[in-house]
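These notes concern the structure reproduced below.
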């Protein structure tokens, strides 16, 4: 143990370095600036996350994918198949970055990773749902459709007007002998065929003007429905809806 | 100066009193050397690292809040310095990610070891330190040699307090197994 011999030189050497001006004390503002940058960075990530998650929820409603799980295991399969995975992966990346940032502070590292991650996920999902319920995305989407949204227009049109093979969402404009004709967001008229195998998990009380989502294989402008359900317009599909007509979906299918 | 607390001296350094930093170094030099020697087991040039720790402490002294304790603050700097040295020089795996950080652990309460028990553990640690992985080694060193409490160790290692308890408990168990295996006389 030669601590005594070692002690003096270290102390003196460090003091000499300091006195020679080779090392200077960082000013207080340096740390305030760094903390501010971390806070601003964290806020930007949270806002980006809220935007992304609310956009994903909006898009899932817009395309009808959100309602797929009601059709059972096949519906769940379709749900996961049709998720905008690029946006989901981007959101997960932001969550990881936020978690890394938070773990530099005692309120972050003081908790097991599981708790802080669950906390972050719960907050951003709840916030995303709340934002998705506001007219924000619907308005931006309308502007995008009218080419009035210069920056994110393509983004909204690309995700919101995408064609999905097995999920169609639209407004009933006509009841036919074997199903309906719907009008979708892409301004297409689709002939929906209802068969004995078609499932109606929420009943068959449909009429003209109702917005429905159809789960089933599309072939050109015809869809053979595996399942149909009405959609509540919480997130506003934004499409022009014909005046509600008294005509209801009848009928022989109710007895199936 | 001798009667002043570390925090009071640090506050003086923050105001530009360089000599006061000399007093702080005097108080911590031996502790840092001892911490380094027990943390780094391969004959590392600890002196250079301790010098680097003090330089970093001086540069960043204005980020220290004198309302809080000084010792966990400087040990945090030392921890980073030693961990980086270990990573750089020996490419030793220094628990970048651990399952016991991921999931909540049962709350491990701080236990008051008897003086005799503490001495036993310290003796065992001295003999078998290098055989214990870094993950368990560091909390054991901080608890038994630097006499820090769970909260201070948690602050230095930036892990939950409950994880400190778990690592100390497992560390002691591993230590006893090692002693039984390699040095049954102890």
Report, by residue number, each residue of the stretch A:33-51 that is more than 14 Å from chain B (Cβ to nearest Cβ) and surrounded by 11 or more Cβ atoms within 10 Å (Cβ to Cβ). A:39, A:41, A:42, A:44, A:45, A:46, A:47, A:48, A:49, A:50, A:51
Are any of the residues in the stretch B:44-64 modelled with pLDDT under 90, more than 11 Å from chain A (Cβ to nearest Cβ) and farther than 21 Å from residue A:12 by Cβ? yes
Looking at the stretch A:53-73, can you tell me whether even one residue there is within 14 Å of another protein chain (Cβ to nearest Cβ), assigned to a helix (DSSP H, G or I), in contact with a helix residue (DSSP H, G or I) (Cβ under 8 Å, 6 or more places away or on another chain) and at pLDDT below 95? no
For the stretch A:80-101, give me each residue that is assigned to a helix (DSSP H, G or I) and under 24 Å from residue A:165 (Cα atoms). A:80, A:81, A:82, A:85, A:86, A:87, A:88, A:89
Being at pLDDT below 75 and within 13 Å of chain A (Cβ to nearest Cβ) is the requirement here; does residue B:164 meet it? no
In the stretch B:133-160, which residues are buried (at least 21 other Cβ atoms within 10 Å of the Cβ) and assigned to a loop (DSSP other than H, G, I, E, B)? B:148, B:159, B:160
Somewhere in the stretch A:161-168, is a residue part of a strand (DSSP E or B) and either surrounded by fewer than 17 Cβ atoms within 10 Å (Cβ to Cβ) or in contact (Cβ under 8 Å) with a residue 40 or more places away in the chain (or both)? yes
If you take the residues in the stretch A:107-125 that are at the interface with another protein chain (Cβ under 7 Å from one of its Cβ atoms) and assigned to a helix (DSSP H, G or I), which one is surrounded by the fewest Cβ atoms within 10 Å (Cβ to Cβ)? A:114
All positions within the stretch A:11-40 that are in contact with a helix residue (DSSP H, G or I) (Cβ under 7 Å, 6 or more places away or on another chain) and closer than 26 Å to residue A:90 by Cβ: A:38
From A:104, A:30, A:77, which residue is within 14 Å of chain B (Cβ to nearest Cβ), part of a helix (DSSP H, G or I) and surrounded by fewer than 19 Cβ atoms within 10 Å (Cβ to Cβ)? A:30
Checking the condition more than 23 Å from residue B:139 (Cα to Cα), part of a loop (DSSP other than H, G, I, E, B), at pLDDT 90 or above and within 13 Å of chain A (Cβ to nearest Cβ), which residue from B:22, B:16 passes? B:16
Considering only residues that are closer than 30 Å to residue A:190 by Cβ and surrounded by 13 or more Cβ atoms within 10 Å (Cβ to Cβ), which ones fall in the stretch A:130-144? A:132, A:133, A:136, A:137, A:138, A:139, A:140, A:141, A:142, A:143, A:144
Can you tell me which of (1) under 22 Å from residue A:69 (Cβ atoms); (2) surrounded by fewer than 22 Cβ atoms within 10 Å (Cβ to Cβ); (3) modelled with pLDDT of 90 or more is the one residue A:210 doesn't meet? (3)
If you check every pair at least six apart or on different chains, which have Cβ atoms under 7 Å apart with a residue in the stretch A:7-18 that is more than 7 Å from chain B (Cβ to nearest Cβ) and under 15 Å from residue B:28 (Cα atoms) first and a residue that is at pLDDT 90 or above and not in a helix (DSSP H, G or I) second? none
If residue A:147 satisfies all but one of (1) more than 26 Å from residue A:77 (Cβ to Cβ); (2) more than 14 Å from chain B (Cβ to nearest Cβ); (3) surrounded by 13 or more Cβ atoms within 10 Å (Cβ to Cβ), what's the number of the condition it fails? (3)
Looking at the stretch A:17-27, which of its residues are surrounded by 11 or more Cβ atoms within 10 Å (Cβ to Cβ) and under 28 Å from residue A:101 (Cα atoms)? A:25, A:26
Regarding the stretch B:79-99, can at least one residue be identified that is at pLDDT 95 or above, outside any helix (DSSP H, G or I) and facing chain A (nearest Cβ under 9 Å)? no
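The values are calculated or read from the model by the stated rules, or taken from the named source; none is laboratory data. Remember, predicted model here, so these are calculated numbers, not experimental data. FYI the Cβ positions are ideal-geometry reconstructions off the backbone, even for glycines, and counts take in every protein chain you see.
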